[in-house]
Structure formats: C-alpha cells, structure tokens
Amino acid sequence: MVLQVLDPTNETAPPVGQPAPRLASLAGKAVGFISNGKEGTTGFFAHLDRMLREELGVAEVIRRVKSNYSAPANPDIVDELRRWQAVVTGIGD
Amino acid sequence: MPLAAKTYTVADIHAAQELYHANGWTDGLPIVPPTEDAVRACLDWAMTPPDQLLGIETVRAVPITAEKLAINAVMAGCLPMHFPVVLTAVTAMLRPEFLLHGATSSTGGCAVLIVLNGPIRRELGAGGTFNALGNSDRATAVIGRAIRLALINILEVRPGGIDRSTLGHPGKFSYCLAEDEEDTAWNPLHVQRGLPGETSAVTVMAAGAPRQIMNEWTTAPEEILETFAAEMRANMRHYSIWAGNYALIIPRQLREHLQAAGWSKADIAAFIHARARVRRGEWAEVGKRAVVRDQADTEYAALEAPDRLLVVAAGGPAGGFGAVIPPWLGNKSAAVTLPIGACVDCGPPGQ
C-alpha cells in the first residue's frame, strides 16, 4: 500500500554566522583562547601559546576559561573577544 | 491548518523503513510510518496546533514545534494519548536549567530519564512495578523512545554528530518509568517537588545508567540506605565527584521496611545527604591520584541539599534490590518537573 509519510527532521538549517575575514598573517596580532576548562586544555593551550608567539610572531595571547564546560562561553568572554583579531576555541578531554 | 513537514511517497511499509533508516532518521529499530492522519491525531489529542513553538534550543538556535515532535512520537510507536506526556517532557527539557544541548551532546553519554506521576500513569497503563527500569510496558517504552527520536531528528543529536557520547548507555533507546504510587504511602515525586497530588506530571533528569544494589539481609532503614549511599559514593569515586541530582529507585520489598519504620522520602533524603560523601583523597585509592593535589581532606557531598535527591517508588514486589541513578555531570543540569497541561480524559475535540 502506497504511503505518504512525513519528514521528522527540522528541515531548516540552524542560522550560521558570517565568518570573519581571514587574516593574512598572525604577526603582531592579539589571539584569544577560549578553553572549556578541562584538564587536557592546560598542556594544549600552553603549547599553542608558545607556538603562536615564537613561530608566528603573535603579539599577545589572551586566555579565558568558560565557567561551565558544557555550556556556551560566558557573555563577558563573548564581549571581550571583539577586541581580539583571532580566537582559538576547542574541547579538551 | 496544513502540516508544514515535507511529504515523501513510499511504495509500502518496507520502503518506509528503508527511507527512514537510510536518512539516519531512526535509532536503528523499525519505526511506525508517520502519516498525516497519525500525526494529526496526536496533535488533536493534545489540543495543540502543529505550528505551536514548544521552545528553542538556544545554543544552536533550533526551534521545536509540536508538529515535528508529533511526527517523531508516531515513529516511536506513540498513540495519541501518549503525546501530551512527550510534549511536556520536551517542554521541561527546554528549560534553561536542564542545559539541553550540553546534556545531549556531551562525551559523558547520559540519557534523559523521564518519571511519570499522577493519574495519567493509570490511563496510559504505565507500570511502575515489574521490570520498572526495563521493558515494563508499552507507554513508558514509546514515550522514552519518542524523546530519543526527537533529539536525533529535530536537534540532530546523532552519534558522531551532535551526540559526542563516548559510550552512551542502553537508556538512550528509552529511559522512562512510572512511579508505583498505589503501593506506597510515600508522597509521589511530583508532590515532593511542589505539585498537587491530583496533577499528572513529568520529571526529566539528565542521567547516567542505573547502578543496581542489593541488600536483603536487614530491615533496618539505616542499613538499607547505607547500601544506596555506598553506591553513590562509588559513583563519586569512580565516575564524578560533583554534586547534582541523584535518583533512588526503591522497589517494594525494601520500601516496606522503610515505611514500617516510619521513614518518609524526606527522612531518606536527609540520611543520604549526610552519608553520601567522599573525601577527595579517596581518588588515590581508585587510580586518580593525579587529581587529588593538595585537597585530599576536602569533603564532597553527592547532594548539595537533601531535596536534590529524587526518591521514586518503583519496581517489582519481590527482591531486595534498588537502583541509584547518577547525574550526567554534577549540577550542570538540573532535574525539571512540569505538570501535564492537556486534559487526557477529554479525547480529541468534537468527539
């Protein structure tokens, strides 16, 4: 028997933001790190901090940690990142 | 009002199965083909228009409408009378304190535990006795499954997609039980959580797998509850030390000893609050010495306050068993209890 069945998915893609223009170089730039605060982030971001400064000439690295690693970044961090030229965020388990 | 969902034409029920499996729209088990008639019957029973917005999952800005939820409920095997429960459970999960995105995407791999209370349990035939945490009855099986299918399809909570669970647990197929209110003198869970007894209600909790305990060698409340507390301490040592909602499932055999001694749910919660505690230094005994640091003597309680404990009377009549259901991740997600707003006695309008 032929059936007409319905799509169970949301069908509309979630809104996505517009990517910021890519930087030609990180030299002299301020780069923020947003950590989820898990144990594994400590070593990862420390290493990345060193690489960015020593190998790519980043002027300043700003490290911030979310208060809840399973929730979006706190509003004050989101506000602050407008002053950075690049952001690195990620999980660390 | 016309339904908004895209329609597919399939040759027969087998083709429908393949369409849904091939698109990643199932939990791996066969589904009931969601036809317009079946979906409308659910919406009519709940007296809810298809475009009613139940809420928005705010992290990814995904709206959840009654229509999409009803489609998934039909797929799970729900009858129209089950839909008000599914609708209320999702509404509860959308409350900010539940932290829906985190709870459903975390590597921690929890499931949504759903507890039914009030008159609706009997109307749906939701059993809170034999096999209460397993395949006890049709109602709890399909309601729990509807929640999982809705997460998969509406919020894209698929393994390896939004769902980053390392292991997950079997409750991610369906994790719903009814409280056995008839066989206990205790206040039902929803009354403990502030609702009137005559109300039907749904409680949702981001929960790990049940940890079964056994103690049939005592009738002393303190000894029975010490076994539950010890299991909670084990969870704190082996899994997560952080305080949050825990659920205790207490079947009839152990419950009767507690009730005979005059212990209420509040007494149980006070005892567990005092006893379910560990020192951070205990981590060194279970291979976690690296994170003890200089806080070995710091004491951690499983419950920030006694009312964080959800005590549920459920389970078959015989056996000195019980279960501890731990939180997904401390207090990052809070259990939510909501009354079911639809009149489940009324049936669809006009009939």
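The values are calculated or read from the model by the stated rules, or taken from the named source; none is laboratory data. Just so it is clear, the structure is predicted and the values come from calculations on it, not from any experiment. Glycine gets a Cβ as well: all are built from the backbone with ideal geometry, and neighbour counts include every protein chain shown.
For the subset of the stretch A:30-48 comprising residues that are within 14 Å of chain B (Cβ to nearest Cβ) and small (Gly, Ala, Ser), which member is farthest from residue B:50 (Cα to Cα)?
A:43
When you check residue B:167 against the structure, is it over 27 Å from residue B:194 (Cβ atoms), surrounded by fewer than 18 Cβ atoms within 10 Å (Cβ to Cβ), within 14 Å of chain A (Cβ to nearest Cβ) and hydrophobic (A, V, I, L, M, F, W, C), yes or no?
Working: over 27 Å from residue B:194 (Cβ atoms): yes; surrounded by fewer than 18 Cβ atoms within 10 Å (Cβ to Cβ): yes; within 14 Å of chain A (Cβ to nearest Cβ): yes; hydrophobic (A, V, I, L, M, F, W, C): yes.
It is true that residue B:167 is over 27 Å from residue B:194 (Cβ atoms), surrounded by fewer than 18 Cβ atoms within 10 Å (Cβ to Cβ), within 14 Å of chain A (Cβ to nearest Cβ) and hydrophobic (A, V, I, L, M, F, W, C).
Quick one: count up the residues across the stretch A:1-39 that are touching a strand residue (DSSP E or B) at 6+ places or on another chain (Cβ under 8 Å) and of a type outside the set (Ser, Thr, Tyr).
Count: 18.
Among the residues of the stretch B:69-100, count how many are under 23 Å from residue B:168 (Cβ atoms), facing chain A (nearest Cβ under 8 Å) and either without any contact (Cβ under 8 Å) to a residue 40 or more places away in the chain or not polar (S, T, N, Q) (or both).
So the answer is 2.
Considering each of A:59, A:20 in turn, give the residue that is at pLDDT 90 or above and either more than 16 Å from the chain's Cα centre (by Cα) or not hydroxyl-bearing (Ser, Thr, Tyr) (or both). It would help to see each step written out before you state the result.
Working: A:20 fails: at pLDDT 90 or above.
After ruling out the rest, the residue left standing is A:59.
Residues are listed down the side, and each one gets a yes or a no for (1) part of a loop (DSSP other than H, G, I, E, B); (2) of a type in the set (Gly, Ala, Ser); (3) not assigned by TED's automatic domain parsing to the domain that holds residue B:128:
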residue	(1), (2), (3)
B:235	no, no, yes
B:240	yes, yes, yes
B:255	no, no, yes
B:259	no, no, yes
B:270	no, yes, yes
B:274	no, yes, yes
B:285	no, no, yes
B:290	no, yes, yes
B:300	no, no, yes
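Being surrounded by fewer than 13 Cβ atoms within 10 Å (Cβ to Cβ), within 12 Å of another protein chain (Cβ to nearest Cβ) and part of a loop (DSSP other than H, G, I, E, B) narrows it down to one of A:27, A:13, so name that one.
Working: A:27 fails: within 12 Å of another protein chain (Cβ to nearest Cβ).
Only one candidate qualifies: A:13.
Among the residues of the stretch B:242-253, which ones are in contact with a helix residue (DSSP H, G or I) (Cβ under 9 Å, 6 or more places away or on another chain) and part of a loop (DSSP other than H, G, I, E, B)?
B:242, B:243, B:244, B:245
Check whether at least one residue in the stretch B:183-196 is within 15 Å of residue B:121 (Cα to Cα), part of a strand (DSSP E or B) and outside the structural domain of residue B:255 (by TED's automatic domain parsing), and report yes or no.
Within the stretch B:183-196 (the criterion being within 15 Å of residue B:121 (Cα to Cα), part of a strand (DSSP E or B) and outside the structural domain of residue B:255 (by TED's automatic domain parsing)), the answer is no, since none of the residues qualifies.
Looking at the stretch A:1-10 only, could you name the residues that are surrounded by fewer than 17 Cβ atoms within 10 Å (Cβ to Cβ), modelled with pLDDT of 95 or more and assigned to a loop (DSSP other than H, G, I, E, B)?
Passing the criteria: only A:2.
Give the stretch B:86-125 a look and list any residue that's more than 23 Å from residue B:326 (Cα to Cα) and either in contact with a Ser or Thr (Cβ under 9 Å, 6 or more places away or on another chain) or aliphatic (A, V, I, L, M) (or both), or say none. Talk me through it step by step, then tell me what you get.
Here is the first cut: in the stretch B:86-125, the residues more than 23 Å from residue B:326 (Cα to Cα) are B:87, B:118-125.
Selection gives B:87, B:118, B:119, B:120, B:121, B:123, B:124.
When you look at residue B:70, is it in contact with a Lys or Arg (Cβ under 9 Å, 6 or more places away or on another chain) and part of a helix (DSSP H, G or I), yes or no?
Working: in contact with a Lys or Arg (Cβ under 9 Å, 6 or more places away or on another chain): yes; part of a helix (DSSP H, G or I): yes.
Here the answer is yes, as residue B:70 does meet what is asked.
Provide a single number: the residues in the stretch B:27-64 that are surrounded by 20 or more Cβ atoms within 10 Å (Cβ to Cβ), β-branched (Val, Ile, Thr) and within 13 Å of another protein chain (Cβ to nearest Cβ).
4
What residue, among those in the stretch B:268-282 that are among the β-branched types (Val, Ile, Thr) and within 22 Å of residue B:187 (Cβ to Cβ), is surrounded by the fewest Cβ atoms within 10 Å (Cβ to Cβ)?
Step one: of the stretch B:268-282, the residues among the β-branched types (Val, Ile, Thr) are B:268, B:272, B:278.
From what is left, the residues that are within 22 Å of residue B:187 (Cβ to Cβ) are B:268, B:272.
On the way: B:268: 22, B:272: 25.
Within the stretch B:268-282, the match that is surrounded by the fewest Cβ atoms within 10 Å (Cβ to Cβ) is B:268.
Output yes when any residue across the stretch B:4-11 is among the charged types (D, E, K, R) and outside the structural domain of residue B:172 (by TED's automatic domain parsing), and no when none is. Lay out the reasoning, then the answer.
Initially, the stretch B:4-11 is screened for residues among the charged types (D, E, K, R), giving B:6.
Next, from what is left, pick out any that are outside the structural domain of residue B:172 (by TED's automatic domain parsing): B:6.
Among the residues of the stretch B:4-11, at least one is among the charged types (D, E, K, R) and outside the structural domain of residue B:172 (by TED's automatic domain parsing), which makes the answer yes.
Looking at A:60, A:54, which one is touching a residue at least 12 places away in the same chain (Cβ under 8 Å) and more than 14 Å from every other protein chain (Cβ to nearest Cβ)? Walk me through how you get there before you give the answer.
Values: A:54 fails: touching a residue at least 12 places away in the same chain (Cβ under 8 Å).
From the options A:60, A:54, the qualifying one is A:60.
Of the residues that sit in the stretch A:23-43 and are within 14 Å of residue A:88 (Cα to Cα) and at pLDDT below 90, which one is farthest from the chain's Cα centre (by Cα)?
A:42
Determine which single condition residue A:37 fails, assuming it passes every other condition in (1) surrounded by 18 or more Cβ atoms within 10 Å (Cβ to Cβ); (2) closer than 27 Å to residue B:329 by Cα.
(1)
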